[in-house]
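Some notes on the structure that comes next.
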Amino acid sequence: MAGLAAFPQELSQDVVDLLNRTDLDPTAVVFDPIPPVVVTSNGENGVVKMGREIVMGRNIHSSCLDITEPEANDDVTGDKEAYMAGILARYRQSLLERTKYHLGYPYNLDFDYGALSQLQHFSINNLGDPFIESNYGVHSRQFEVGVLDWFARLWEIEKDQYWGYITNCGTEGNLHGILVGREVFPDGILYASKESHYSIFKAARMYRMDCVKIDTLSSGEVDCADFRTKLLQNKDKPAIINVNIGTTVKGAVDDLDLVIQTLEECGFPQNRFYIHCDGALFGLMLPFVTRAPQVTFKKPIGSVSVSGHKFVGCPMPCGVQITRMDHINTLSSNVEYLASRDATIMGSRNGHAPIFMWYTLNRKGYRGFQKEVQKCLRNAHYLKDRLRDVGVSAMLNELSSTVVFERPRDEEFIRRWQLACQGEIAHVVVMPSVTIEKLDTFLDELVEKRLTWFKDGGNQPPCLASEMGKDNCACPLH
């Protein structure tokens, strides 16, 4: 590696030392450092709160793998290839380790796409309209349309009545659904519960839309009484409504039928409202839950979106967006450069994602997904019951696999199990890849940690009645 020290302005000394090492162990596991716990004091009551402070510019991921120039003789020595192989091997080991302790985010990590590795040598791009082939021939539209037809059957809309595409993520599906609503009703007001995904409010900012936040019940479900009040305050403007098929934190499913009923009772006929259903995770689970209210285009909804990398399980973020054909003409335009039409948010689109989704849908089918949904719900009830048995406040909505419980007091424990937290609550999203054995390990560690957090009665678990209802709160008061 001679000569590296001659470029101090380009390479840090740490990187120079790393590249000069001869003892790199490709099997070594490198863990991300745990951010230090920040102790803050509330001046009003002197209560010390533990938490990881988020400060822009300081809360940035600290590690960096620099890109360096190959040595002149690297083709002969192969040092750079060996160095990169070591980096990738250690990274793979770290991924295996972190996957063992993944509970807080809704990703199904149980998949095997080895059969598709033969396609990684191709730059597959589905740019433009899925239903109109462009001049670019390396695409996977035939797979994409097959996936879209599968979801169209699931949500009960005929092939000649829908339009859709495979998005790059769930957020893009929401951005597209809200955009279609705004194009249908340019002066419409966007209504969304305060527990809607942040991408809904991002869409309102991007499209310069008036947005009204609706209160929620303790379950996280939209409060239709508050919705009614705010609708009546804006009777002169059309309504664009985001309905959550599983909220981000509590997994609550908004009552679609009650939302429609509220609109009609407030004097909004179907030609004065547009409903987008954000089904990121539960949009694919709900159809397989017994006696669950169904999301279907037989009801007056405008669009539905789901994520492909969540319940389906996919190695890259992706999603599905379906809307009515008669809505899409307001967005669609001819693109001569592509020899196609386009009504998507993005230009180039990942052509590999439709193949991954097509492969899984074919392998599992409706019955396979039904079994996985039943397993997730069963395991979620197991976790909720175990938490309550050991005195932890816990809540599980009826149609959900998201178990909400009191936020752990230890940030290192939160990072270890990759828990998603908001205020005084955290959650575990029970996915097909989450086993009873993993839940037991988590519970054993949590119980052991709580003995130190609340020892000698010095600290008490917080009251979470306002967050999850009195019946689910296990604080000393309740």
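Observations on the model:
- Heavy-atom accessible area for His352, with the other protein chains in place and a 1.4 Å probe, reaches approximately 30 Å².
- Think of the chain as having a plus end and a minus end, set by charges on the Cβ of Lys, Arg, Asp and Glu; of Ser332, Ile345, Ser466, Ser466 sits farthest toward the positive end of this dipole.
- Modelled label positions at Gln422 and Asp79, each set 7 Å beyond Cα in the direction of Cβ, lie 5.2 nm from each other.
- With R₀ set to 41 Å, the beta-carbon distance separating Cys475 from Asn362 gives a calculated FRET efficiency near 0.25.
- Electrostatic dipole magnitude of the chain [Cβ: Lys, Arg +1; Asp, Glu -1; Cα centre; debye, to 20]: 1280
- Spin-label model, Tyr337/Leu119: points 7 Å from Cα along the beta carbon direction are separated by 2.6 nm.
- Rolling a 1.4 Å probe across all protein chains gives Val403 an accessible area of roughly 0 Å².
- Per residue accessible area in Å² of the chain, where ligands, DNA and RNA are left out and the probe is 1.4 Å: 50
- Here is how the number arises for the chain: DSSP H runs of 4 or more residues each give -39500 (n - 2.57), the sum is divided by the residue count, and the result at 222 nm is -10500 deg cm²/dmol.
- The stretch 359-445 - percent of accessible surface contributed by carbon and sulfur, probe 1.4 Å: 43
- Measuring r between the beta carbons of Asp215 and Ala89 and using R0 = 41 Å, the FRET efficiency lands at 0.20.
- Estimated inter-spin distance, Glu156 and Ile132, nm [label 7 Å along Cα→Cβ]: 3.2
- Rounded to the nearest 20 debye, dipole of the stretch 391-478 from Cβ charges on Lys, Arg, Asp, Glu: 120
- Most simply put, the chain has about 65% antiparallel DSSP beta bridges, counting only bridges with both residues inside it.
- Isolated Cys residues of the chain, judged by Cβ distance under 4.7 Å to other cysteines: Cys64, Cys169, Cys211, Cys224, Cys266, Cys277, Cys314, Cys318, Cys376, Cys421, Cys473
The values are calculated or read from the model by the stated rules, or taken from the named source; none is laboratory data. If you're wondering where the values come from, they're calculated on a predicted model, not measured in any experiment. We place every Cβ from the backbone using ideal geometry, glycine too, and count neighbours over all the protein chains shown. Note: areas computed on protein heavy atoms with side chains; ligands, DNA, RNA excluded. Shrake-Rupley method; radii C 1.70, N 1.55, O 1.52, S 1.80 Å.
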